[in-house]
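The values are calculated or read from the model by the stated rules, or taken from the named source; none is laboratory data. Every value quoted in this text rests on a predicted model; they were computed, and no experiment measured them. Every residue, glycine among them, receives a Cβ derived from its backbone with ideal geometry; neighbour counts consider all protein chains shown. Just so you know, the surface numbers come from the protein's heavy atoms only, side chains and all, with ligands and any DNA or RNA stripped out. Shrake-Rupley method; radii C 1.70, N 1.55, O 1.52, S 1.80 Å.
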Amino acid sequence: MTDSRKLTQRGKDRRHQLMEYAATRFAHGGYHPTSLADIVDGLQVGKGAFYWYFSSKEALLPEILAEGQPDLRRAQQDAINGLPTTRHRAQAGSRRSAQWLGEE
């Protein structure tokens, strides 16, 4: 979210719901083919609800990626902890990344 708007817990929950649903739609149908209407219709909310939290679909994607990055890094770190060599860590980190990306 680009402004300094303070969200209630309900607002935070709705924003997260939009991000989660959009991420799932992007993963299954592709970013470009997924329209804003697909996202709001799937959640049965109006476009105004979407625009309250995001200025556009293009603004939504970086928010999804930024939210997911720390979780991915934690998963990678958990996978490589204690492994003896760079090769083992690279393999385990790559495997865990692929698993994480495949999760819904």
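A few remarks follow.
- Within region 19-56, the set of residues being within 24 Å of LEU101 (Cβ to Cβ) and in contact (Cβ under 8 Å) with a residue 24 or more places away in the chain comprises MET19, ALA22, ALA23, THR24, PHE26, ALA27, TYR31, LEU43, PHE54.
- Residue in region 55-62 that is outside any helix (DSSP H, G or I), within 21 Å of GLY11 (Cβ to Cβ) and touching a Ser or Thr at 6+ places or on another chain (Cβ under 9 Å) present: yes
- Qualifying residue in region 71-83 (condition: small (Gly, Ala, Ser), in a helix (DSSP H, G or I), touching a Phe, Trp or Tyr at 6+ places or on another chain (Cβ under 9 Å) and closer than 18 Å to ASP13 by Cα): no
- Region 59-73, subset free of Cβ contacts under 8 Å to residues at least 24 places away in the same chain and within 12 Å of MET19 (Cα to Cα), residue most open to solvent (accessible area, probe 1.4 Å): LEU65
- Within region 1-58, tally of residues that are open to solvent by 90 Å² or more (accessible area, probe 1.4 Å) and among the small types (Gly, Ala, Ser): 1
- Search result, residues across region 5-41 that are among the β-branched types (Val, Ile, Thr), part of a loop (DSSP other than H, G, I, E, B) and in contact with a helix residue (DSSP H, G or I) (Cβ under 8 Å, 6 or more places away or on another chain): THR34
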